[in-house]
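A.B. asks: What follows is a single structure, and I will ask about it in a moment.
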Amino acid sequence: MWNADLIHRRLEEIRRQDPDHKIFGAQRYQYRLGPRLSTPEVAAFERRMGVELPESFRTFLTEVGNGGAGPSYGLYEMDEAFRLDAMETHEGPLHFFTTPFPHTADWIPPLEAQPEDYQEGHWVTGSLLLAEYGCGAFHRLVVNGEIAGEVWFDDRCADAGIVRERNFFEWYMSWLDRPHRHLF
């Protein structure tokens with residue numbers, strides 16, 4: 001599925017075309033991916049989370065890289081994503097990840113119909129932070145539930161709800177093909 005050489009060549013090509021890092025988020029990730037994780041390292045994260053990562057994301061971590069160049073401000077490294085999500089819930093990270101993702105369709109309640117707990121973490125259980133879009137909005141990877149492997153955009157901070165993007169492979173490759181046009 002993943003062609004690490006192609007991805008790294010494409011990142012180098014984009015870096016040459018954007019030496020001043022003007023593309024959104026490039027100042028942060030500078031067109032570099034973090035070091036790949038070993039299979040035992042990924043398995044250790046899965047044990048900490050209590051879920052098995054979707055195959056496309058697991059192989060990305062072991063064959064391509066852990067964090068760095070990607071949509072918006074770039075991909076979080078697994079340690080950072082886990083730490084940030086662990087702060088999201090009062091029940092603890094294990095409950096957060098082992099509870100299935102609660103959505104199968106876009107969820108954009110009108111302002112007047114938003115529940116009082118609209119900003120609470122239970123609306124994104126069963127998902128892992130992938131990337132920060134900015135201003136409190138995030139891309140999340142569903143890791144538990146019937147749509148595991150899909151990326152969703154959490155824009156509750158702007159009252160725009162939680163909406164489906166695409167599967168992780170398509171989401172990442174779409175950005176790689178057109179990083180200057182990728183919004184979410």
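The values are calculated or read from the model by the stated rules, or taken from the named source; none is laboratory data. Since we're looking at a predicted model, the values are computed, not measured. Cβ placement follows ideal geometry from the backbone for every residue including glycine, while neighbour counts extend to all protein chains displayed. Just the protein is used for accessible areas: all its heavy atoms, side chains included, with ligands, DNA and RNA removed. Shrake-Rupley method; radii C 1.70, N 1.55, O 1.52, S 1.80 Å.
A.B. asks: Can you tell me how many residues within the range 35-54 are open to solvent by 50 Å² or more (accessible area, probe 1.4 Å), part of a helix (DSSP H, G or I) and of a type in the set (D, E, K, R)?
C.D. replies: The qualifying residues number 3.
A.B. asks: Would you pick out the residues in the range 118-136 that are more than 22 Å from ARG58 (Cα to Cα), in a loop (DSSP other than H, G, I, E, B) and open to solvent by less than 50 Å² (accessible area, probe 1.4 Å)?
C.D. replies: Selection gives TYR118, GLY136.
A.B. asks: In addition: Given ARG156, ARG166, which one is over 24 Å from GLY50 (Cβ atoms), of a type in the set (D, E, K, R) and open to solvent by 60 Å² or more (accessible area, probe 1.4 Å)?
C.D. replies: Numbers: ARG156 fails: open to solvent by 60 Å² or more (accessible area, probe 1.4 Å).
Exactly one residue qualifies, and that residue is ARG166.
A.B. asks: Quick test for you: out of ALA81, ALA69, ALA26, pick the one residue that is open to solvent by less than 30 Å² (accessible area, probe 1.4 Å), more than 19 Å from MET1 (Cβ to Cβ), in contact with a Leu (Cβ under 6 Å, 6 or more places away or on another chain) and hydrophobic (A, V, I, L, M, F, W, C). Steps first, please.
C.D. replies: Numbers: ALA69 fails: more than 19 Å from MET1 (Cβ to Cβ); ALA26 fails: in contact with a Leu (Cβ under 6 Å, 6 or more places away or on another chain).
Criteria check complete, one pass: ALA81.
A.B. asks: For the range 26-80, which residues satisfy the criterion of being of a type in the set (A, V, I, L, M) and closer than 24 Å to ARG15 by Cβ? Before the answer, list the steps.
C.D. replies: Of all residues in the range 26-80, those of a type in the set (A, V, I, L, M) come to 26, 33, 37, 42-44, 49, 51, 53, 61, 64, 69, 75, 78.
Of everything in the range 26-80, those that are of a type in the set (A, V, I, L, M) and closer than 24 Å to ARG15 by Cβ turn out to be ALA26, LEU33, LEU37, LEU61, VAL64, ALA69, LEU75, MET78.
A.B. asks: Within the range 166-184, can you find the residues that are over 11 Å from the mean Cα position of the chain (by Cα) and under 16 Å from SER56 (Cβ atoms)?
C.D. replies: Once the filter is applied, which keeps residues that are over 11 Å from the mean Cα position of the chain (by Cα) and under 16 Å from SER56 (Cβ atoms), the range 166-184 yields ARG166, PHE169, GLU170, MET173, SER174, TRP175, LEU176.
A.B. asks: Oh, and also: Among HIS95, HIS103, which is open to solvent by less than 50 Å² (accessible area, probe 1.4 Å) and not aromatic (Phe, Trp, Tyr)? If you could, list the steps in order and put the result at the bottom.
C.D. replies: Values: HIS95 fails: open to solvent by less than 50 Å² (accessible area, probe 1.4 Å).
Residue meeting the stated conditions: HIS103.
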